[in-house]
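Below is one structure, written out as structure tokens; the observations come after it.
The values are calculated or read from the model by the stated rules, or taken from the named source; none is laboratory data. Since this is a predicted model, take the numbers as computed values, not measurements. Heads up, the Cβs are rebuilt from the backbone with ideal geometry, glycines too, and the neighbour counts pull from every protein chain shown.
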Amino acid sequence: MSSFPKKQFQGKLYEFHHLAPTVHTVALDATAKSIATLHVAYSIHCFTEEFDSLVHHEHHRYTHAGETRAFDVLRYDCSVSLPAIVAGMSRATVYRALQDNYTYVAQLSIKGLPNPYSLFFTLKNEGDLHSPAARMYVQSAYLKPLTIVSNAKHWRFGSLLGQVTGVFSASAKKPKPKKKAP
């Protein structure tokens, strides 16, 4: 069950069962010989936006754990897909984001058209080599194309999870080949 309180908005009741904390088993490599347990939790930023008193009214207000934001129906509708997206990320490419976090962009169909849906999350080790486990906290998710710095570090999600849990060592940069003399 989700810890987020229900929201009555424009005559409709919104519930957050889909954003309840979950546990997944994730393959760390293509052969699925190595696996880890992934504990997933979500932030209110997945279905709210910054509260702006010039734009939002009192009925937009959503407060949870001491944070006040504005409920956003489109973000809420997109957030319904989050559990399936996270469950399917094992072989997806994720990037180092600008903060001390990571980003992944899924494609969501809205009115029959694909739209980039960016997730921002952290990963923290919570296990050991005999029982690899990590906590994923989805800090935010909203419709936005991938924005990364050039040459941003990237991994397959399973490989990154393997590094975070200590199953795999961080790979060293490969040396650039020397140019042949003319």
**Message:** Restricting to segment 87-100, give me the number of residues that are surrounded by 12 or more Cβ atoms within 10 Å (Cβ to Cβ), farther than 14 Å from Lys144 by Cα and either in contact with a strand residue (DSSP E or B) (Cβ under 8 Å, 6 or more places away or on another chain) or of a type in the set (Val, Ile, Thr) (or both).
**Reply:** 9
**Asked** Are any residues in segment 72-109 under 21 Å from Ala152 (Cα atoms), of a type in the set (Val, Ile, Thr) and touching a helix residue (DSSP H, G or I) at 6+ places or on another chain (Cβ under 7 Å), and if so, which ones?
**Response** Val94
**Request:** Looking at (1) touching a residue at least 40 places away in the same chain (Cβ under 8 Å); (2) part of a strand (DSSP E or B); (3) surrounded by fewer than 18 Cβ atoms within 10 Å (Cβ to Cβ), find the lone condition where Thr68 falls short.
**Result:** (1)
**Request:** Of the numbered conditions (1) closer than 30 Å to Ala27 by Cα; (2) touching a Lys or Arg at 6+ places or on another chain (Cβ under 6 Å), Ile85 fails exactly one; give the number of that condition.
**Result:** (2)
**Message:** With the requirement that a residue be surrounded by fewer than 14 Cβ atoms within 10 Å (Cβ to Cβ), in a strand (DSSP E or B) and in contact with a strand residue (DSSP E or B) (Cβ under 9 Å, 6 or more places away or on another chain), what does segment 1-30 give you?
**Reply:** Gln8, Leu13, Val23, Thr25
**Request:** Please determine, by comparing only the residues of segment 35-52 that are of a type in the set (S, T, N, Q) and either closer than 16 Å to Phe16 by Cβ or at pLDDT below 95 (or both), which one is surrounded by the fewest Cβ atoms within 10 Å (Cβ to Cβ).
**Result:** Ser43
**Tally, over segment 34-71, of residues that are over 20 Å from Ala84 (Cα atoms) and in contact with a helix residue (DSSP H, G or I) (Cβ under 8 Å, 6 or more places away or on another chain)** = 10
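Matching residues to (1) over 14 Å from Cys46 (Cβ atoms); (2) of a type in the set (Asp, Glu); (3) crowded, with 18+ Cβ neighbours inside 10 Å:
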position	(1), (2), (3)
Tyr102	yes, no, yes
Ala106	no, no, yes
Lys111	yes, no, no
Pro132	yes, no, yes
Tyr137	no, no, no
Leu143	no, no, no
**Prompt:** Looking only at segment 31-42, which residues are of a type in the set (Val, Ile, Thr) and in a strand (DSSP E or B)?
**Reply:** Ile35, Thr37, Val40
**Prompt:** Which ones in segment 144-179 are at pLDDT 90 or above, under 16 Å from the mean Cα position of the chain (by Cα) and closer than 27 Å to Thr25 by Cα?
**Reply:** His154, Trp155, Arg156, Phe157, Gly158, Ser159, Leu160, Leu161, Val164
**Complete:** Per the filter on segment 106-141, residues in contact with a Cys (Cβ under 7 Å, 6 or more places away or on another chain) and in contact (Cβ under 8 Å) with a residue 40 or more places away in the chain are Val138, Ser140, Ala141
